[in-house]
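A.B. asks: What follows is a structure written as structure tokens; I'll ask about it next.
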Amino acid sequence: MGPVTAEGGTRLTPGRSDRARALAAGAARWVSRAPYLRKWLVLGVAIGAIAGLGAIAFYAALHACTELFLGVLAGYHPPTPVGEGGAMGGVMGTAPPARPWALPLVAGLGALLSGLLVYRFAPEAEGHGTDAAIAAVHHNPRGVRFRAVVVKIVASALTIGSGGSAGREGPTGQISAGFGSLMTRALDLSPADGRVAVSTGIGSGIGAIFGAPLGGAVLAAEILYRDDFDAAALLPCFIASAVSYAIFGAVEGYAPLFGYAGGYHFGHPVTLAWFALIGVIGGVIGILYAKGFYGIADLFGRVPLPKWVRPAIGGLMVGAIAIVIPQVIGTGYGWVQESLGPQLLSIPLWIVLVLPLARILATGLSIGSGGSGGIFGPGMVIGAFVGAGVWRLFEPVVPSMGHDPAPYVIVGMMCCFGSIARAPLAIMLMVAEMTGSLSILAPAMVAVGLAWLIVRRSDDTIYRSQLRSRADAPAQRLLAGLPLLAAIPTARAMAPPRLVLAAGLPADEGLRRMDAAGVQGAPVVDGDGRFEGTVARTALEGTERQGRPCGDAADAGAPVALQETDLGTALEALTAAPASWVPVTDDDRRVVGILSTSDLVHAYRRELADNVRRLSDPGPGTGLYEVRVTDASPAAHRELGSLALPAGVLVTAVTRGDDVVVPTGRTTLLPADRLTVIGPDAGLAVLGTVERPDRR
């Protein structure tokens, strides 16, 4: 089947956009044919470069907003960690706000501006970006809009810079994840490669902004699942993280974020008890963080006010808390720096003990209300003060703890967020890189292991988009039950499209043609006949009165199947599609067919029947039969493995209703099952009463 042209569409003179799409089609062909290492070397470098540049852009925007809102309007300069040198300069001052009464107003104003921006231009940019990026990896790697990335940068800078309790990892991770999604669309990457590209973006962006490239690379593979690990993302993210770290560090410096706080040397087994205590408390606080955050988010979801107003309410409340506890303002990384040294003693003990709970509340109010920012950073601040609290309480009476709070603060950061993020290894590595404290890893394993066990028993996670394991991915569950899909070419299963619309076709004409074709959606192609997206009837109805073209309503991130792939790969696109069909394109991005769920099922049944027919003449005296199990059959309600099948009798398939089951010894036979059996006619009696064994 050749490429399909748009019905009734006017052939347009190719312009810049068409030439760009032709160039992208050529790049897509190169990527699809490139060896694994060459492909991911190029893609990894590209993702890493964008991650590094995006981190620099967001860092500058955040600094500018902080200076304006907190510095100019509230007269407050929160401390910053020593690693924030470079162009910005590190500030270690802890002077109280000059105008504390202004903190609620400033935080409320920044949150209001952020809410207006998000809900006007990109509602998906609300909340913490890492969870949205994880969801994109699992469900539609092509679906992250570039607009959402830009909005996320500005909205997060407004939220955090005005005093919201949030981290900066969410925006930076979403920037590079968005670029990975853009590459997936532009280069028509397979669903598997698209998942790797987006997860690589998450890890390289977070690794860049925290100056932790190794931890970021491991995070990309670990954060996607609660109890699993995606090794396929490791090599691409090693490349991307190294590039992003090099670019970001060239501007902001390469020193660890919290300096070199790694003077600790493990010297006595007794100290493991104190790290174990921090691990237990950290796990409990981690669970409280997740439950508290989402509990506050649920409360805000029931507030009968416009969504763009809710972040302002949360900001006002955070500012009010900050009048008493200014440590809840902003990222809080400067206060973590204070807790790593003797300056911790200058912070009142009640603030040290209360701050983990105050940060949970402030983060829920800032981000759970609909504000924009990350929850990774607040989790580390919470964990840091869990460790600091244990040291402050017991150090005066237990000399063996030592006079340096740094190891307890560092381990607190690792165990609290590493456990509730279900990424203990990645967080351990990241915190070790951020503090230059690799020597702390041995006792940290005790604390992190205990915290992880506590969180795992509760089945909680701070990232609700995580799947339990790779087997829980929608496409993987189906592929496990339909193993022959990988042997069926997509081209064999696809059908001719009933309708293809030109991008320049008016929306009302597009609706008329959908009605005539009896479809609820159609592929959209550009003036050169290349795929531009899919459009649903509901989207055209919204643009009909405005007279806009169909291309304006097309979803450029819609999943697409590639003609040269197999149905196992195409199934991943189908499971991500909003409808029950996807367009099929050739290597020049031209629409050559449509693949629907029913097409896939019919192709699978044909392939299964063909495979069975190939065995239709297994030998003299042996045939292929269909046996129907009845209520009176001795085999009814029994497992296949428990039947004494004679030598030469083989059950190859069990047809149950419209489903075909691949039989195993644990398959229980039910009345009305139809068994496809190879063997001598005389050997079928063991299966019970046969209504009519029809030899094929």
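The values are calculated or read from the model by the stated rules, or taken from the named source; none is laboratory data. Computed from a predicted structure; not experimentally measured. Glycine gets a Cβ as well: all are built from the backbone with ideal geometry, and neighbour counts include every protein chain shown. The protein model used for the area step is the full one, side chains on, heavy atoms only, and it has no ligands, DNA or RNA in it. Shrake-Rupley method; radii C 1.70, N 1.55, O 1.52, S 1.80 Å.
A.B. asks: Can you work out which of the residues in the stretch 522-531 that are in contact with a helix residue (DSSP H, G or I) (Cβ under 6 Å, 6 or more places away or on another chain) and part of a strand (DSSP E or B) is modelled with the highest pLDDT?
C.D. replies: VAL524
A.B. asks: Also, I was wondering about something else. Report yes if some residue within the stretch 386-393 is within 23 Å of GLY368 (Cβ to Cβ) and touching a residue at least 12 places away in the same chain (Cβ under 8 Å); otherwise report no.
C.D. replies: The answer is yes; a qualifying residue exists.
A.B. asks: Would you call THR94 open to solvent by 30 Å² or more (accessible area, probe 1.4 Å), among the β-branched types (Val, Ile, Thr), under 20 Å from VAL318 (Cα atoms) and at pLDDT 90 or above?
C.D. replies: The answer is no for THR94.
A.B. asks: Scan the stretch 616-637 for residues that are out of contact with any Pro (no Cβ under 7 Å at 6 or more places or on another chain), modelled with pLDDT under 75 and either farther than 30 Å from ALA493 by Cα or of a type outside the set (Ser, Thr, Tyr) (or both) and jot them down.
C.D. replies: Of everything in the stretch 616-637, those that are out of contact with any Pro (no Cβ under 7 Å at 6 or more places or on another chain), modelled with pLDDT under 75 and either farther than 30 Å from ALA493 by Cα or of a type outside the set (Ser, Thr, Tyr) (or both) turn out to be ASP617, PRO618, GLY619, PRO620, GLY623, LEU624.
A.B. asks: For the stretch 558-615, which residues satisfy the criterion of being farther than 12 Å from ARG492 by Cα and among the aromatic types (Phe, Trp, Tyr)?
C.D. replies: Within the stretch 558-615, TRP581 is the sole residue that qualifies.
To keep it simple, each residue is scored yes or no on (1) in contact (Cβ under 8 Å) with a residue 24 or more places away in the chain; (2) within 27 Å of ALA561 (Cα to Cα).
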position	(1), (2)
ALA28	yes, yes
ALA34	no, yes
VAL42	no, yes
VAL45	yes, yes
GLY52	yes, no
PHE58	yes, no
HIS63	yes, no
THR66	yes, no
PHE69	yes, no
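A.B. asks: Among the residues of the stretch 538-552, which ones are at pLDDT below 85 and either in a strand (DSSP E or B) or basic (Lys, Arg) (or both)?
C.D. replies: Once the filter is applied, which keeps residues that are at pLDDT below 85 and either in a strand (DSSP E or B) or basic (Lys, Arg) (or both), the stretch 538-552 yields ARG545, ARG548.
A.B. asks: Give the residue, chosen from ALA475, ALA480, ALA486, ALA471, that is assigned to a helix (DSSP H, G or I), aliphatic (A, V, I, L, M), touching a Leu at 6+ places or on another chain (Cβ under 6 Å) and modelled with pLDDT under 85.
C.D. replies: ALA475
A.B. asks: Also: Note down all Cβ pairs under 6 Å where the first residue falls in the stretch 179-200 and is closer than 18 Å to LEU574 by Cβ, the second is of a type in the set (Ser, Thr, Tyr), and they're at least six residues apart or on different chains.
C.D. replies: Close Cβ pairs satisfying both conditions: SER190/THR569; GLY194/THR184.
A.B. asks: Then there's this: What about PHE275, is it outside any helix (DSSP H, G or I), buried (at least 19 other Cβ atoms within 10 Å of the Cβ), modelled with pLDDT under 95 and among the aromatic types (Phe, Trp, Tyr)?
C.D. replies: Spelling it out, it is not the case that PHE275 is outside any helix (DSSP H, G or I), buried (at least 19 other Cβ atoms within 10 Å of the Cβ), modelled with pLDDT under 95 and among the aromatic types (Phe, Trp, Tyr).
A.B. asks: Something else: Would you check if there is a residue in the stretch 110-127 being crowded, with 19+ Cβ neighbours inside 10 Å, assigned to a loop (DSSP other than H, G, I, E, B) and not β-branched (Val, Ile, Thr)?
C.D. replies: Yes, the stretch 110-127 contains at least one residue that is crowded, with 19+ Cβ neighbours inside 10 Å, assigned to a loop (DSSP other than H, G, I, E, B) and not β-branched (Val, Ile, Thr).
A.B. asks: Does the stretch 64-91 hold any residues that are β-branched (Val, Ile, Thr) and either modelled with pLDDT under 90 or touching an Asp or Glu at 6+ places or on another chain (Cβ under 6 Å) (or both), and which are they?
C.D. replies: THR80, VAL82, VAL91
A.B. asks: May I ask you to list the residues in the stretch 308-364 that are in a loop (DSSP other than H, G, I, E, B) and in contact with a helix residue (DSSP H, G or I) (Cβ under 8 Å, 6 or more places away or on another chain)?
C.D. replies: TRP308, VAL309, ILE325, ILE329, GLY330, THR331, GLY332, LEU340, GLY341, ILE347 - these are the residues of the stretch 308-364 that are in a loop (DSSP other than H, G, I, E, B) and in contact with a helix residue (DSSP H, G or I) (Cβ under 8 Å, 6 or more places away or on another chain).
A.B. asks: Return a yes/no flag: does the stretch 308-316 have any residue that is within 20 Å of GLY164 (Cβ to Cβ) and in contact with a His (Cβ under 7 Å, 6 or more places away or on another chain).
C.D. replies: No; the residues of the stretch 308-316 include none that is within 20 Å of GLY164 (Cβ to Cβ) and in contact with a His (Cβ under 7 Å, 6 or more places away or on another chain).
A.B. asks: A further question follows. With respect to ALA554, is the statement that it is touching a Gly at 6+ places or on another chain (Cβ under 6 Å) and aliphatic (A, V, I, L, M) true?
C.D. replies: yes
A.B. asks: On to the next question. Residue by residue through the stretch 412-428, note down the ones that are open to solvent by less than 10 Å² (accessible area, probe 1.4 Å), in contact (Cβ under 8 Å) with a residue 60 or more places away in the chain and under 20 Å from the mean Cα position of the chain (by Cα).
C.D. replies: The answer is PHE417, SER419, ILE420, ALA421, ARG422, ALA423, ALA426, ILE427.
A.B. asks: Oh, and also: Out of (1) modelled with pLDDT under 85; (2) not in a helix (DSSP H, G or I), the odd one out for VAL535 is which?
C.D. replies: Among (1) modelled with pLDDT under 85; (2) not in a helix (DSSP H, G or I), the lone unmet condition for VAL535 is (1).
A.B. asks: ILE440 versus (1) in contact with a Phe, Trp or Tyr (Cβ under 6 Å, 6 or more places away or on another chain); (2) outside any helix (DSSP H, G or I); (3) of a type outside the set (Phe, Trp, Tyr): which is the lone unmet condition?
C.D. replies: (2)
A.B. asks: Follow-up. Looking only at the stretch 230-248, which residues are within 13 Å of the chain's Cα centre (by Cα) and without any contact (Cβ under 8 Å) to a residue 60 or more places away in the chain?
C.D. replies: Selection gives ALA233 alone.
A.B. asks: Here's something else I'd like to know. Does the stretch 57-67 include one or more residues that are touching a strand residue (DSSP E or B) at 6+ places or on another chain (Cβ under 9 Å), in a helix (DSSP H, G or I) and surrounded by fewer than 18 Cβ atoms within 10 Å (Cβ to Cβ)?
C.D. replies: Looking through the stretch 57-67, none of the residues is touching a strand residue (DSSP E or B) at 6+ places or on another chain (Cβ under 9 Å), in a helix (DSSP H, G or I) and surrounded by fewer than 18 Cβ atoms within 10 Å (Cβ to Cβ).
A.B. asks: Could you list, in sequence order, all residues of the stretch 578-591 that are touching a residue at least 60 places away in the same chain (Cβ under 8 Å) and not hydroxyl-bearing (Ser, Thr, Tyr)?
C.D. replies: Those that are touching a residue at least 60 places away in the same chain (Cβ under 8 Å) and not hydroxyl-bearing (Ser, Thr, Tyr): TRP581, PRO583, VAL584, ASP586, ASP587, ASP588, ARG589, ARG590, VAL591.
A.B. asks: Then there's this: Would you check if there is a residue in the stretch 344-361 being more than 30 Å from VAL398 (Cα to Cα) and either in contact with a strand residue (DSSP E or B) (Cβ under 6 Å, 6 or more places away or on another chain) or at pLDDT 95 or above (or both)?
C.D. replies: Taking every residue of the stretch 344-361 in turn, at least one turns out to be more than 30 Å from VAL398 (Cα to Cα) and either in contact with a strand residue (DSSP E or B) (Cβ under 6 Å, 6 or more places away or on another chain) or at pLDDT 95 or above (or both).
A.B. asks: In the set VAL431, VAL455, VAL446, VAL409, which member is β-branched (Val, Ile, Thr), in a helix (DSSP H, G or I) and open to solvent by 10 Å² or more (accessible area, probe 1.4 Å)?
C.D. replies: VAL446
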